[in-house]
1. Could you give the size of the charge dipole of chain A about its Cα centre, using +1 on the Cβ of each K and R and -1 on the Cβ of each D and E, expressed in debye and rounded to the nearest 20?
2. Please average, across the residues of A:223-232, the number of beta carbons from any other chain that are within 10 Å of each residue's own beta carbon, and give a whole number.
3. Specify the inter-centroid distance of segment C:47-105 and segment A:198-252, based on alpha-carbon positions, in whole Å.
4. Which residue, chosen from A:SER256, A:PRO298, A:GLY309, occupies the Cα position most advanced towards the positive end of the dipole of segment A:250-311, where the dipole is computed from +1 (Lys, Arg) and -1 (Asp, Glu) charges on Cβ about the Cα centre?
5. Any idea what diffusion coefficient segment A:279-385 gets from Stokes-Einstein, in µm²/s, Kirkwood Rh on alpha carbon pairs, 10 °C, 1.306 mPa s?
6. Give me the accessible area buried between chains C and A, both sides summed, with a 1.4 Å probe, in Å² rounded to the nearest 100.
7. Hey, can you rank B:25-36, B:58-69 by average C-beta count inside 10 Å, highest first?
8. Normalised by the empirical 2.2 N^0.38 Å for globular proteins, what value does the Cα Rg of segment B:19-76 take?
Amino acid sequence: MKAAVLEKPKAFYDKFERKGKTQQETTHYCPGCGHGNLHKIITEALSEFGVDDRSIIVSPVGCSVFAYYYFDTGNIQAAHGRAPAVATGLKRSNPESIVISYQGDGDLAAIGGDEILQAANRGENMTVIFVNNAIYGMTGGQMAPTTLVGQKTTTSPYGRKIENEGYPIRMSEIIATLEAPVYVERTALVDFKTINHTKRAIRKAIKNQIDKKGFSFVEVLAPCPTGWKITPVDSQKWIQQHMMPYFPVQAFKDVSDQRESMEIEQRDYSDQEVLDVLGLSQLGEKKQVPASFIENFPTQFMKIAGFGGQGVLSAGVVMAACAMNENLEVTWIPSYGPEMRGGTANCSVILSNSRIGSPLTTNPNVLIVMNGPSLDAFEDDVQPNGLIIVNTSIVDRRVKRDDVDVLYIPLTEIASGLGLTAAANMVCLGAYLEYTKLIDYKSLFEIVPLAIKKKHLVDTNLKAIKEGVKYIRENYSR
Amino acid sequence: MTEEYVEIDLSLPSMKVVSNLCKGCGLCIEHCPKDCIEFTDKFNELGYKYAKYSGEGCTGCGICFYACPEPGAIIVYKKVREKK
Amino acid sequence: MQKELIKGNEAVIKGALMAGCSLYFGYPITPASEIAQAAAYYFPLLGGTFVQAESEVAAINMVYGASAAGKRVMTASSGPGLSLKQEGISYCAGAELPCVIADIMRAGPGLGNIWPEQGDYNQMVKGGGHGNYRNIVLAPNSAQEMCDLTMKAFELADIYRNPCIVITDAYIGQMMEPVEFPTTRKKVPYKEWALYGDEKSKKNLVTSILMNTHLEEEHNKKLQKKYQTIAENEVLYEALNTEDADIVLVGYGIISRILLNVMEILRKQDKKVGLIRPITLFPFPSDFISQAADSVKSFLVVELSNGQMIDDVKLAVNGRKDVHFYNRMGGAVPSVDEIVDVVKKFI
């Protein structure tokens, strides 16, 4: 004769050594507590599916904070309510691991209400076991979000009142309204029938994860004889009489059969692929530039200002990139913070032959104004003997100061003549470099094709630069 | 179910309460369909009056195993017919 | 071209990817959003994970999970977001989980505004969350350092199994500068303590709870010893003209760049002005400042806060010399001239 032995499942540790020096064979749970039954059911399922080695149990805050004493799996303890977020991090890192978030009602339905909803809504391929015993056990019997109306706890000593605390929250029903979850069921631990139901549900919730079907959620109505201050046997009856009428024991959603398995491709990427993706493979050697060019380069503190859409920020970026390409030090910073005045968009650009300190050009020696308000805002800040470039297509006044150099150029009209008003900024850069001769304007031709995202506009922008150069040659030759 | 086939002596009981692991919650006694588990009058090492098999009537149904919250407090031996 | 002209915030993400970071969890907040946006763009292209978390709290806890799973992982935020993350950072510190967190500081308290400030110094450098712990804190002041120090942060985080913060202000985050990137991606080391979801690692436990007071005390002592080791080995700072200085300016982030100009202007006027820029805020360059205190007449600490880093300078100087203070708050940033005038009052 043979016998089948029903005993402590293998996914439990033989001895619960993390528990301390004594009582290494029993749990820390009170007599009649439902956690032990659930641990048994989970370990049995993990062993049966042969996934205990791949499994990671997330212990919450609550009585099951010490769940890691028991499961012979990977174990992690999470902050109160955050188990689904922690589980998300674990699962996304190692998609082949089997991640089980084990949570109580305070953890899941109160402090962690958002984490559970959002993990469910993302359809994380994980299994959540929600132990609902309508009370905070660990902290001494306080009211839970699932505490029943009228139920007395240490923080609802006169019974839960609707006017003060509202109604008990039905998490399974809420989660089942979401599109992503694959399986949502509520079970109970009150008798042979409901325990078997719980076994089936937990198996399915784990199997779904193994099959990469997505988010599965099992809520279990479980006894807390100590918190409820009644016997274990009466606790089960109390669940039947009081909890089950309010928290119906049933499946709320099960689309396990309809869902495709979600395979995640995992592979290593070569350095070349990484550089390609990051746009770094085009970087190469330093350009050869005469030492005298660097030595003699006068620091340019530029402010480029105008309406949004006039390309003031991109003009700054192109100018900075161009100077960088000539081995100069550069910074670019957009109008930001208290510096922003008068409703203008602007950027500060510094080009220098030495290390740049502050990137802000409070007192520019080059001011480019694409519109009137910009001239009003920044004219007074320009250093004496500085340069101001005025877009006369839009700015209808002359510069008031007589201690600065001024170029009056119809930037927008020139650009319009090329059929691309937005290229006024490039007309300006061509003019600026041709007038100052600080950098050969042709250097811009190396940068513009890289800097402009719309490749069909590159040619027009290059023409705009040449038009700027031409305007200077015709009107401001020195 | 964790099923493992082992040879056992037919005279062994069909279920066993590991007395020092029992917390005396009484759920196995409550749910045994054959009423063949009972409380002892003695206290175990944990300080609980523990449950024990009365010695007859167990059919190896396993209900007590799942009703018991303790991982290792109950072991059930279910007789299996030899395949012919 | 040898370098890329790039925003500091974006350099953080490229640096992170080159450091072998494969997961990013974050929540949008100005002025750190470019970091999340760059992560959302690049991570999926390299088989990595980007998840826009439901909250700052969830984001740091996802980081906790991914770090426990042995990966290099990061998040980024700004002051209000970091306040929310403190519980999770404390858990990471307690469980000794390596992770990188960028803090692009903005003005506070409360919602404050989105302009630059340095008011997160205390919460990030001194701990911030509950319990006895320290973060390693790196303070870049250029786009190049946003990349380099982010990469270094991943290394330090792994070596010490500790959260590592990259802290800076909105200017450094928003500014574009040339950055030279490495050409090989770092390999992530195997972590004996991590949870890979396999047979070898299943013995591992990631936790910060130790109910036994003796064990918790031992754990705390071990952490303190680790912080001591970090303090002894990982100090980084930049010192300019301190040898003959009468007054040494001390500042980090955007302030250090403004102070560089201040120093240059005053040196041209034959004023003996030096500059110390802490690059690591924890560990703080206390020994160097203490040495400098032997020869200098006074210090001027400039901060975009009510005076948070100055406490560390004062501890290092230990009353031997005057430690002056100049600050702006609420998003205002001092000009070079403004500080030049301040320094002149003290020399």
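1. Details: 50 positive and 53 negative charges, 234 e Å.
Approximately 1120 debye in magnitude.
2. Numbers: counts 3, 0, 2, 0, 0, 0, 0, 0, 4, 8.
Rounded to a whole number, the mean comes out at 2.
3. Result: 32 Å between the Cα centres.
4. With unit charges placed on the Cβ atoms, the residue in question is A:PRO298.
5. Numbers: Rh = 14.6 Å.
Answer from the Stokes-Einstein relation: 109 µm²/s.
6. Values: alone 14750 and 23410 Å², together 32200 Å².
Counting protein atoms only, the buried area is about 6000 Å².
7. On the way: B:25-36: 19.8, B:58-69: 22.3.
Ranking, from highest mean packing down: B:58-69, B:25-36.
8. Values: Rg = 10.4 Å, N = 58, 2.2 N^0.38 = 10.3 Å.
In units of the globular-protein estimate, segment B:19-76 measures up at 1.01.
The values are calculated or read from the model by the stated rules, or taken from the named source; none is laboratory data. All values derive from a computational prediction rather than experimental measurement. Every residue, glycine as well, gets a Cβ built from its backbone with ideal geometry; the counts of neighbours run over all protein chains shown. Just the protein is used for accessible areas: all its heavy atoms, side chains included, with ligands, DNA and RNA removed. Shrake-Rupley method; radii C 1.70, N 1.55, O 1.52, S 1.80 Å.
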